[in-house]
Every structure is written in structure tokens, then in C-alpha cells.
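Beneath this line is the structure, given in C-alpha cells, with notes to follow.
Each reported figure results from applying straightforward, stated rules to the coordinates on display, with no laboratory input. Only a predicted model underlies this, so the values are computations on that prediction, with no experimental measurement involved. Neighbour counts run over all protein chains shown; Cβ positions are idealised from the backbone, glycine included.
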């Protein structure tokens, strides 16, 4: 079993829809949770970052972490065609562990105009 | 500010050939990483370095070697390339352990082994 599981999709939605992306994990030592966005033939870029449990909002994006369920989510409101990309969840352990990132397999999202 | 630069961007190798991928960062970051990305597998850590002169194995280190002789450079070597090493390789760097710091990625190297 992988440490981080992510539905690979692909996911196709109409413009303006609310998108929900999710990951589950098995390692209870993970404390830092991130979402990276990767456009085609580009390197991943950090989209959202959350420490421990809770919610974080940034414009149209909301990241949620539920450590008790080992479940994280990314919500995209009013989705735009420019949001079409692969979204990767990533997690890392406590300080001092070289902060290696463990990635999910990525969900490919297409927002149709 | 170039960030993280990978060289080359594309390469085709024959089975058994060797090559070195170069990663250079100009942000004075301590940590550097090499990942490979395959369809349905996400990013998997090959090797990483926590500082100049240090390296460590990641999740999938077999068939690869690395060196970090200078803080700004992290080299990934394939001694005898195999078709299973066909992949997209990403280098990343991040500063010293500090909550909220992100990893910065290069643009990737697309390697095909025939």
C-alpha cells in the first residue's frame, strides 16, 4: 500500500463548477500538507500549504486537513479553464527529517469553457 | 533569478549508455532532491542531499548515483541506462528546515532509453 493515495482521475468539469480533490495517507508522522499544481510539461509549483489539521483559504482555493481521518482535500471554487492541470498532494514529516516530500500520484483536471 | 535549472531538457539514450543530469540552483538552498515522475506513479524520490558533500538514498535509488560537490549543484548519474529508467526527472531544492518553506522544482528532463 502506498503511503499517499490519490485518485488519478482524469476529472473533467464545466467552467464555474466546484472541484474537490482528495488524498488519503497512512503515515501518522506527516505534519505538513501541500498541494502542488503542475501544468503540462512543467515542473510542479506550490499552490497551498497547511500545517497539521484545519482549513486554509486562498482566493478560490481551500485546503482542508483532517489528521484524525488521515484525509486531505483541495476545493476549487468557480473553476476556470486556466485551472486545467495535474494536482499533486504532498506531505512531509516533522522538522529535522530532511523534510522529504511524499507525493500522491496526481489528479488530472480539465475545466471546460 | 533563474531558480532551479536542469540540463539537458531532453535526451535519448541507448541501453547501456551512461549520462549525467545536472541540477543548478541559485537560491542558496541547503536541501536538494532528485525525483522521477512516471504515469500513475506521481513523483518518487531517487536521492537527496541535505548539504554540500552529503547524499542519501530515497525511495527508488537503484541504478542511480548522485554527487553534491558544490552547494548549488546536484548531479544525477546513470551508469548503465535501462529502458525502465525512461521517465521525466525533476530536481528540487528548498532552504533549511523552516515551517512553510516550499520546494522549488526545475522544468524537468525527459529521458528516453531505447
Q: Work out, step by step, the length gained on full extension between residue B:50 and residue B:20: first 0.36 nm times the residue separation, then minus their alpha carbon distance; give nm to one decimal.
A: 8.8 nm
Q | Pair residue B:110, residue B:79: separation of 7 Å Cα→Cβ label points (nm) | A | 3.0
**Q.** Whole-percent pair-distance distribution, where bins are 5 Å wide, for the alpha carbons of the stretch A:34-87
**A.** 5, 19, 28, 23, 16, 8, 2, 0
Q. In what order do B:84, A:105, B:67 fall by count of nearby beta-carbon atoms within 10 Å, going from fewest to most?
A. B:84, B:67, A:105
Q. Computed over the Cα atoms of the stretch B:13-104, what is the ratio Rg over Rh, Rh following Kirkwood?
A. 0.97
Q. Nearest-5 percent of antiparallel DSSP beta bridges in the protein assembly as shown?
A. 90
Q: Pull out the extension gain between residue A:28 and residue A:53, defined as 0.36 nm times the separation in residues minus the alpha carbon to alpha carbon distance; nm, one decimal.
A: 7.8 nm
Q.
With a cut-off of 8 Å between alpha carbons and a minimum separation of six or more residues, what is the relative contact order of the stretch B:16-114 in percent?
A. 31
**Q.** Rel. contact order, % - alpha carbon contacts under 8 angstrom, at least six apart, chain A
**A.** 37
(Q) Running a GNM on chain B with Cα contacts under 10 Å, which residue among B:42, B:63, B:16 ends up with the highest mean-square fluctuation? (A) B:42
Q) In the Gaussian network model of chain B, springs joining C-alpha atoms below 10 Å, which of B:48, B:33, B:64 carries the largest mean-square fluctuation? A) B:64
Q: Express in nm, to one decimal, how much length is gained between residue B:59 and residue B:30 on full extension, taking 0.36 nm for each residue of separation and deducting their alpha carbon distance.
A: 8.4 nm
(Q) Cut-off 10 angstrom, C-alpha nodes, Gaussian network model of chain B. Which of B:55, B:86, B:15 fluctuates the most? (A) B:15
